[in-house]
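To start, the structure under review is shown below, and the notes come after it.
The values are calculated or read from the model by the stated rules, or taken from the named source; none is laboratory data. The structure presented is a predicted model; accordingly, all values stated were derived computationally and were not measured. When we count neighbours, we look across all protein chains shown, and the Cβ atoms used for this are built from the backbone with ideal geometry, even at glycine. Only protein heavy atoms, including side chains, enter the accessible area calculation; ligands, DNA and RNA are left aside. Shrake-Rupley method; radii C 1.70, N 1.55, O 1.52, S 1.80 Å.
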Amino acid sequence: MLNTTTAVLLATSWAPLLSGLLHQCLNADDPSCNGGVAAFSAMLRHHSKLEAQDNQNDALPFAHIQLLDKDSAFVHMHPLGLSVNRLILNGLMGLDVFASSPSILLQNNLDSGVSSQDISYLQTHDMPLLISNVGVPPSNSWHPYTKAVHFDTETRLAILSLSMSTEALNVPAAMGGLRYIRKVNEENGCVKPSSSYHTLLSDYFSHSNVTTTRAEETDSSNCWLPIVYHSDKGDQFASFLTAMLALPRHHRPAMIIDTAGSLKEYEEPTLVDGIWVASPRLNSRTFFQHKLEMSYDAVFGLQLDYVEFTSAALSPLPDEMKDETYRSEILALKRAADEAL
């Protein structure tokens, strides 16, 4: 539950599953260890505790959005193939959502005459695919295992992911998701209802799994703050931002993150006419985190007051960040790497 004023962390990871090559990183103190999702998670836990010192908490709540590892030698050589992502990300690290480009929707042999892979093990309700700009038809095997909006209960962030599509789809998809988040906030009683109207897109988003509750006394614990990831061609982001700025205030995202880093002037988070815009160029070797400071407004719900950006090289990982969780994960990852040899 969030207080009236709070801070949360949003971390975005493109790190690969392993911390080095298949034969490297035998243990947490091996100098050949090089980044990877275990290092990213360890750094996130460290910053969560470090940032909490100013807030008199043990640790700040955080959301970890992880990109699917599709191209590493480990994924290609492991017996599970792409499905080894579930083994590591959900089974070992407990992540409850992942992001990917729409191409994953045709990677299962049930959905394509091209692919011979069986990736049904990757499909799970425990870690669904977050994809907001593709309407997955019931005939596709991914249909029950995708979500258009990720409602993160720890941080109260409602996250959309727009990936590798056209602005003809990205803008209406974002609008539908944002209207749905607003609808949930209204039904929760955390904002005053606006003039009611909906579209087919907002009906589509209503299939996301989130429970609404009406509260007699409402605070920020019933509200969601909309965040949009834009992971597409850089030349399309400027027009997308223009479209979002043209929306009514109550249907706008609080923050847009352009993962392509297409607008240098927004490499550091910048408030643009009420929307925080961040345009860092993500890569697999770097830790990326945004600290979001939020407050509650009775009319507009959760408000994003300030954003602070942190980035750091994942390798070498400082010794003070190598906690027991990291050490046990490195050993588990080494066993998984051995299965790929």
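Take 265-273, 286-294 and order them by the average number of nearby Cβ atoms within 10 Å per residue, most first; the result is 286-294, 265-273.
If only the Cβ of Lys and Arg carry +1 and only the Cβ of Asp and Glu carry -1, the dipole of the chain around its Cα centre is close to 640 debye.
Farthest towards the positive end of the charge dipole of the chain, among the residues F237, V299, G274, is the Cα of F237, using unit charges on the Cβ of Lys, Arg, Asp and Glu. The fraction of accessible area contributed by carbon and sulfur in region 227-332 is 50 percent, rounded to a whole number (1.4 Å probe; ligands and nucleic acids excluded). Basic side chains Lys and Arg get +1 at the Cβ, acidic Asp and Glu get -1 at the Cβ, and with that the dipole of region 48-193 about its Cα centre reaches some 360 debye. Say the dipole of region 24-137 comes from +1 at the beta carbon of Lys and Arg and -1 at that of Asp and Glu; which of S32, S72, Q53 then lies farthest toward its positive end? Of the options given, the answer is S72.
Taking the radius of gyration and the Kirkwood hydrodynamic radius from Cα positions alone, what is the Rg/Rh ratio for the chain, to two decimal places?
On the way: Rg = 19.9 Å, Rh = 20.7 Å.
That ratio equals 0.96.
Which percent of the accessible area of region 6-116 is formed by carbon and sulfur heavy atoms (probe 1.4 angstrom)? Don't jump to the answer; show the numbers that get you there.
Values: 2420 of 4570 Å².
Summing carbon and sulfur atoms, their accessible area is 53 percent of the total for region 6-116.
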